[in-house]
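Data first, discussion second: the structure below is written as structure tokens.
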Amino acid sequence: VNTTITSLTGTTITVASLGAFPAARFSGGFVEWQATAEGTIDRRAIERHVSGTTLLLFGSTDRMVAGQAVSLYLGCDLTAGTCQSVFNNLQN
């Protein structure tokens, strides 16, 4: 999901939209963004999809700013149901 950071603390980010994804779908996923003008990409793991559009990160929000574009990647709860219905990857 491509979105924008609307606010942040030392360990959480709030984003503009997560679309129609259910609560906790991004827990265990990651956030990715362009961290430098030269195009260096940085990533942080998402510990928990706290509520609504707020995500708790592993690590800090260092090199992130409000208004910045980010890409969010879904997490996996390691169940067969999610593997099949969300990722269509049960056979693997």
**OP:** Considering only the stretch 46-80, state which residues are open to solvent by 50 Å² or more (accessible area, probe 1.4 Å), part of a strand (DSSP E or B) and either closer than 11 Å to Val15 by Cα or not aromatic (Phe, Trp, Tyr) (or both).
**Re:** Glu47, Arg48, Val50, Ser51, Ala69
**OP:** Tell me, please, whether a residue that is of a type in the set (A, V, I, L, M) and over 16 Å from Asp77 (Cβ atoms) can be found in the stretch 38-47.
**Re:** yes
**OP:** Taking only the stretch 1-18 into account, find how many residues are open to solvent by 60 Å² or more (accessible area, probe 1.4 Å), within 12 Å of Gly52 (Cβ to Cβ) and either of a type in the set (A, V, I, L, M, F, W, C) or part of a loop (DSSP other than H, G, I, E, B) (or both).
**Re:** 1
Subject >> Neighbours by Cβ (under 7 Å, 6+ apart or cross-chain): first from the stretch 1-21, closer than 11 Å to Leu57 by Cα; second at pLDDT below 95 and loosely packed, with under 14 Cβ neighbours inside 10 Å >> reply: Gly10/Ser60; Thr11/Ser60
Subject >> the stretch 81-92, residues that are surrounded by fewer than 16 Cβ atoms within 10 Å (Cβ to Cβ) and either in contact (Cβ under 8 Å) with a residue 24 or more places away in the chain or of a type outside the set (A, V, I, L, M, F, W, C) (or both) >> reply: Gly81, Gln84, Ser85, Asn88, Asn89, Gln91, Asn92
Original post:
Considering only residues of the stretch 28-45 that are in contact (Cβ under 8 Å) with a residue 24 or more places away in the chain and under 12 Å from the mean Cα position of the chain (by Cα), which is surrounded by the most Cβ atoms within 10 Å (Cβ to Cβ)?
Top reply: Val31
Subject >> The lone exception for Arg25 - which of (1) touching a Phe, Trp or Tyr at 6+ places or on another chain (Cβ under 9 Å); (2) open to solvent by less than 60 Å² (accessible area, probe 1.4 Å) it fails >> reply: (1)
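The values are calculated or read from the model by the stated rules, or taken from the named source; none is laboratory data. Computed from a predicted structure; not experimentally measured. Note: ideal-geometry Cβ built from the backbone for every residue, glycine included; neighbour counts use all protein chains shown. Ligands, DNA and RNA are stripped out before the accessible areas are found, and what is left, the full protein with its side chains, is counted by its heavy atoms. Shrake-Rupley method; radii C 1.70, N 1.55, O 1.52, S 1.80 Å.
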